[in-house]
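Q: The structure is given below, and queries will be raised subsequently.
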């Protein structure tokens with residue numbers, strides 16, 4: 001069984017750097033065109049494996065086929081971002097797609113308790129490994145150089161992704177697909193979610209509501225996460241940019 005922070009989970013996560021390193025060394029001497037289409041094919045394969053759930057998971061809720069949380073959103077957009085010549089979209093893949101996919105591998109709550117070699121576990125691992133591997137290999141093979149000046153755009157993408165997931169969750173309730181709001185990315189402030197720690201950065205972004213006869217203080221959905229996201233992700237992205245500032249300086253000489 002794949003239980004978080006177990007040996008199985010450690011093996012699950014340790015496969016990521018091994019796969020990336022293996023792909024890098026196996027294909028590093030291939031022509032750039034080959035590398036380009038190889039990485040693009042991975043983004044398409046992630047789509048195929050995702051929609052294979054329709055046939056391979058008998059208990060699947062059909063709304064789960066939508067690209068729901070941020071990693072799902074990235075899976076949906078990667079093929080288009082990859083083909084685009086827009087460098088901001090390529091940077092999204094590195095700063096947002098790869099970071100959130102890595103965090104999902106570290107904290108795979110969606111498949112916690114599943115058999116390790118069950119289809120859904122394999123699908124989850126492949127999709128999130130692809131989200132990390134494609135931009136990392138794109139950079140290692142020097143086919144793209146991230147720009148620190150795009151970090152403002154990255155934060156805007158994060159906000160748009162959060163709003164997208166929030167709207168999708170509310171839509172599912174509105175049309176009767178679910179009876180409760182699904183807490184994608186911790187947006188609704190569920191205190192059992194890992195994202196509850198974002199409230200530590202904004203304890204004033206709360207309100208009171210009555211549940212039965214009990215008055216509870218709960219986070220203001222979406223807004224409570226913004227200060228924490230700024231404090232956590234912007235410095236993280238800045239650190240991820242440092243090696244490429246030096247590379248750009250050398251290229252400009």
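Q: Do we find that residue 59 is in contact (Cβ under 8 Å) with a residue 12 or more places away in the chain and over 15 Å from the mean Cα position of the chain (by Cα) in this structure?
A: no
Q: What residue, of 158, 230, is buried (at least 18 other Cβ atoms within 10 Å of the Cβ), in contact with a helix residue (DSSP H, G or I) (Cβ under 8 Å, 6 or more places away or on another chain), modelled with pLDDT of 85 or more and not assigned by TED's automatic domain parsing to the domain that holds residue 87?
A: On the way: 230 fails: buried (at least 18 other Cβ atoms within 10 Å of the Cβ).
Just one listed residue meets the conditions, 158.
Q: Quick check: anything in segment 100-114 under 19 Å from residue 230 (Cβ atoms), surrounded by fewer than 20 Cβ atoms within 10 Å (Cβ to Cβ), under 16 Å from the mean Cα position of the chain (by Cα) and in the same structural domain as residue 71 (by TED's automatic domain parsing)?
A: There is at least one residue in segment 100-114 that is under 19 Å from residue 230 (Cβ atoms), surrounded by fewer than 20 Cβ atoms within 10 Å (Cβ to Cβ), under 16 Å from the mean Cα position of the chain (by Cα) and in the same structural domain as residue 71 (by TED's automatic domain parsing).
Q: With (1) in a loop (DSSP other than H, G, I, E, B); (2) over 20 Å from residue 98 (Cα atoms) as the list, and residue 146 as the residue in question, which single condition is left unmet?
A: Checking residue 146 against (1) in a loop (DSSP other than H, G, I, E, B); (2) over 20 Å from residue 98 (Cα atoms), the one that fails is (2).
Q: Given the criteria in the same structural domain as residue 103 (by TED's automatic domain parsing) and either more than 12 Å from residue 70 (Cα to Cα) or assigned to a helix (DSSP H, G or I) (or both), does residue 181 qualify? Walk me through it before giving the result.
A: Details: in the same structural domain as residue 103 (by TED's automatic domain parsing): no; either more than 12 Å from residue 70 (Cα to Cα) or assigned to a helix (DSSP H, G or I) (or both): yes.
The answer is no for residue 181.
Q: Scan segment 19-40 for residues that are within 20 Å of the chain's Cα centre (by Cα) and either surrounded by fewer than 13 Cβ atoms within 10 Å (Cβ to Cβ) or not assigned by TED's automatic domain parsing to the domain that holds residue 105 (or both) and report the count.
A: Qualifying residue count for the region: 0.
Q: So which residues in segment 170-193 are at pLDDT below 80, closer than 18 Å to residue 160 by Cα and over 17 Å from the mean Cα position of the chain (by Cα)?
A: 188, 189
Q: Of the residues that make up segment 203-212, is at least one within 20 Å of the chain's Cα centre (by Cα) and either under 26 Å from residue 227 (Cβ atoms) or not assigned by TED's automatic domain parsing to the domain that holds residue 80 (or both)?
A: no
The values are calculated or read from the model by the stated rules, or taken from the named source; none is laboratory data. Quantities reported herein were computed from a predicted structural model and do not represent experimental measurements. FYI the Cβ positions are ideal-geometry reconstructions off the backbone, even for glycines, and counts take in every protein chain you see.
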